[in-house]
Amino acid sequence: EMLAGKLLSDKIKFDAAGLRNLIIQLRQISLTELVFFMDIPGLYAEGKMDFQLPILMEEGSMVLHDGTFEATEKGIIKYSSGQTETTGEENIALKALENFHYQSLDGTLSYNKLGQYHIKLHLLGANPDLYNGYPVDFILNLQGELSGVFRSLFVTGNFEQAVMEKVKSSQLDQ
């Protein structure tokens with residue numbers, strides 16, 4: 001069990017080159033708990049997600065190529081960018097995400113050996129506070145460096161240790 005859901009995998013096999021390629025499935029993962037461990041300031045979410053993650057080894061590092069994810073139920077995303085004003089057409093996506101009630105959420109995820117990720121996220125839903133809840137259907141392309149807890153998971157392969165480090169650092173920050 002993991003993040004209020006389940007982690008499933010075929011047999012995990014090691015050989016002289018290290019971990020063999022495998023596909024990890026995450027079922028009914030809590031989006032709230034996942035967002036907590038992602039540690040993105042201003043982001044809150046609710047819902048359940050399924051993931052299919054093909055894990056490969058490249059030069060001693062775990063990488064992920066074309067993983068997929070999909071919400072299994074409707075949910076909410078609330079994101080505050082920290083900007084005091086979100087006016088103008090260029091910020092319509094930020095306004096929508098301030099209180100976004102999604103009908104569907106899906107996408108792809110890749111992670112390379114340098115610690116960089118790329119997420120293509122498709123959201124369909126509405127913000128009831130924006131344009132009388134007019135439907136919004138958009139695609140976000142996100143990329144950057146994976147947060148410390150997930151980077152630790154991929155580098156060390158020890159999720160439990162990564163979670164404990166996150167909990168300890170959160171307690172010290174308060």
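If we keep just the residues of region 39-55 that are surrounded by fewer than 16 Cβ atoms within 10 Å (Cβ to Cβ) and either charged (D, E, K, R) or touching a residue at least 40 places away in the same chain (Cβ under 8 Å) (or both), which is farthest from residue 95 (Cα to Cα)?
39
Give me the strands (runs of 3 or more DSSP E) completely within region 65-174, filtered to those with at least 1 residues that are polar (S, T, N, Q), open to solvent by less than 50 Å² (accessible area, probe 1.4 Å) and at pLDDT 80 or above, ordered by residue number.
Correct list: 100-111.
Please find, within region 19-38, the residue that is modelled with the lowest pLDDT out of those that are more than 19 Å from residue 64 (Cα to Cα) and open to solvent by 70 Å² or more (accessible area, probe 1.4 Å).
So the residue we want is 36.
The values are calculated or read from the model by the stated rules, or taken from the named source; none is laboratory data. The structure presented is a predicted model; accordingly, all values stated were derived computationally and were not measured. For neighbour counting, all protein chains shown are included, and Cβ atoms are generated from backbone atoms with ideal geometry for every residue, glycine included. These area figures cover heavy atoms from the full protein model, side chains too; ligands, DNA and RNA do not enter into them. Shrake-Rupley method; radii C 1.70, N 1.55, O 1.52, S 1.80 Å.
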